[in-house]
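Contents: one structure, followed by commentary.
The values are calculated or read from the model by the stated rules, or taken from the named source; none is laboratory data. Quick caveat: nothing in here was measured; it's all calculated off a predicted structure. Note that we place each Cβ from the backbone using ideal geometry, even for glycine, and neighbour counts take in every protein chain shown.
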There are 2 protein chains.
Amino acid sequence: MGQEVRTSTPTGSSAPRSGRGATRDQVDRAVRTALLTGRFIPGKAVTLRGLAQDLGVSPMPVREVLQRLAAENALIVRPNGRVQVPEMTAARFDEILKARLLLEPELAEMALPYLTRRDAKSLEEIDLEIDASIGTGDAEAYMRLNHLFHFRIYSASPSEILLPLAESLWLQFAPFMRMVYGRVGTANLIDWHKEATKAIRDQDAAALRMAIASDIKEGMGILGRDGLTSE
Amino acid sequence: MGQEVRTSTPTGSSAPRSGRGATRDQVDRAVRTALLTGRFIPGKAVTLRGLAQDLGVSPMPVREVLQRLAAENALIVRPNGRVQVPEMTAARFDEILKARLLLEPELAEMALPYLTRRDAKSLEEIDLEIDASIGTGDAEAYMRLNHLFHFRIYSASPSEILLPLAESLWLQFAPFMRMVYGRVGTANLIDWHKEATKAIRDQDAAALRMAIASDIKEGMGILGRDGLTSE
DNA sequence: TTGTGGATTTTGTGATCACAAAATAATCAA
DNA sequence: TTGATTATTTTGTGATCACAAAATCCACAA
């Protein structure tokens, strides 16, 4: 039972627990990364015992994790108690876009003074991997790396408030993104990562805000056009 | 058991469950209103069995609710598993203020087209009660009514994203507000509620944004000056 | 073939329990 | 009296269970 599979620190969650809530943390990490990389399909119901068995734990920690994620609006609890990945609607999508444009440029600007040349170098390496994942069409890797790129920036700031809010937004749109990538592929994805990296090197707040905002609009613009027509 | 005390929509939670998660909803509502009216003291640990006994339920639904609220950053889970109301810091306070100023004016503007003259009338009545609670120095009533005033506005919009984010922010600063009111009283509180109500009557988006922003700055400005010096 | 009704299984919920970690109380030595 | 050390209690965690609601399956009739 005591699987010690510690991969990385979950963004919103707390520090790597010693041995207290180890099982719950394991489940939390597993479900969160599954959501962020799109391994959960919107509309698909998530059963308690099923997930528990997949992860080799009792239903108890799974219950708590699902409650947590429902509180973050990453999952919804239907009136009958069933938990499922929320489906995207046009209104929801527009509002997420609006919220991201409000929060993330601000978050990036807050992080800017804390970002060093070393961080810029690290971001460039991630961006190279992103280009590679686009080339091979590996949507899951692309999503993981894109999340990593953004939150490597945001989490440089000591933010306790805006950062969890942004993380909550990502959890909400990521499963839908994955669906769209599966449908239209990742080939024609364009991003503003190089501009963002340059702005960080130059410590240019306005340029960074603009790069992040453009990246958000660009990325979700593609999704918006092709993804929501069928719903 | 079917207490219909709906002060506001619990952020993540759904409609009043029929009989499925009734106990959990009861606990959720109880803890949320306790936080919003400041009945929980920052820094004070919340014990699982204690809360369960107070509410006359088993520790089980309390566990899930505390996990939910921890996910919304309304409570924090210390590395030893203890749950407590977070303490306010200057940085935290400033960031909450920033986040509120980003989200709530936007939310108000989104709600504006849905707000009728009837709503404006209702808001005026609430504001009268607020003035009364200030007069009698009833801090708990003031907090409940102030929350009601703001979210009567915000929740008029069909927002699914920004509204829960705003609710999360309120859960985070409310306990701290209560502490300050207990120290400096509610006598010298000034708000922009009348300006907001007028802006709603006039359907003037810019004026409403400005009234909400001013109300936030004013209300938290008082807190900021007097409240955080001791920490 | 297609509904339709009842039987069966699956599911979430709340409660209880055993256990280990942590916090608190009590004890004793200096 | 004060400090550390041990004993006791409290606490969160994970597992299991009983139960009711819900979903699924299946037989049967039109």
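Table: residues versus (1) closer than 30 Å to residue A:206 by Cα; (2) within 11 Å of chain B (Cβ to nearest Cβ); (3) of a type outside the set (Gly, Ala, Ser).
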residue: A:66; (1), (2), (3): no, yes, yes
residue: A:74; (1), (2), (3): no, yes, no
residue: A:83; (1), (2), (3): no, no, yes
residue: A:89; (1), (2), (3): no, yes, yes
residue: A:94; (1), (2), (3): yes, yes, yes
residue: A:97; (1), (2), (3): yes, yes, yes
residue: A:106; (1), (2), (3): yes, yes, yes
residue: A:114; (1), (2), (3): yes, no, yes
Can we say residue B:158 is within 9 Å of chain A (Cβ to nearest Cβ), farther than 21 Å from residue B:38 by Cβ and within 16 Å of DNA strand D (Cβ to nearest atom)? no
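This table checks each residue for (1) touching a helix residue (DSSP H, G or I) at 6+ places or on another chain (Cβ under 7 Å); (2) in contact (Cβ under 8 Å) with a residue 60 or more places away in the chain; (3) surrounded by 22 or more Cβ atoms within 10 Å (Cβ to Cβ); (4) of a type outside the set (Ser, Thr, Tyr).
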{"position": "B:125", "(1), (2), (3), (4)": "no, no, no, yes"}
{"position": "B:133", "(1), (2), (3), (4)": "yes, no, no, no"}
{"position": "B:136", "(1), (2), (3), (4)": "no, no, no, no"}
{"position": "B:147", "(1), (2), (3), (4)": "yes, yes, no, yes"}
{"position": "B:152", "(1), (2), (3), (4)": "yes, no, no, yes"}
Only one of A:48, A:69 is at pLDDT 95 or above and surrounded by fewer than 20 Cβ atoms within 10 Å (Cβ to Cβ). Can you tell me which? A:48
Residue ID - farthest from residue A:42 (Cα to Cα), chosen from residues in the range A:153-200 that are among the charged types (D, E, K, R) and under 12 Å from the mean Cα position of the chain (by Cα): A:167
Output yes when any residue across the range B:43-55 is in contact (Cβ under 8 Å) with a residue 40 or more places away in the chain, out of contact with any helix residue (DSSP H, G or I) (no Cβ under 6 Å at 6 or more places or on another chain), more than 10 Å from DNA strand D (Cβ to nearest atom) and away from every other protein chain (no Cβ under 13 Å), and no when none is. yes
Between a residue in the range B:208-231 that is of a type in the set (S, T, N, Q) and any residue that is at pLDDT 95 or above, which pairs come within a Cβ distance under 7 Å, given they are 6 or more apart or on different chains? B:214/B:192
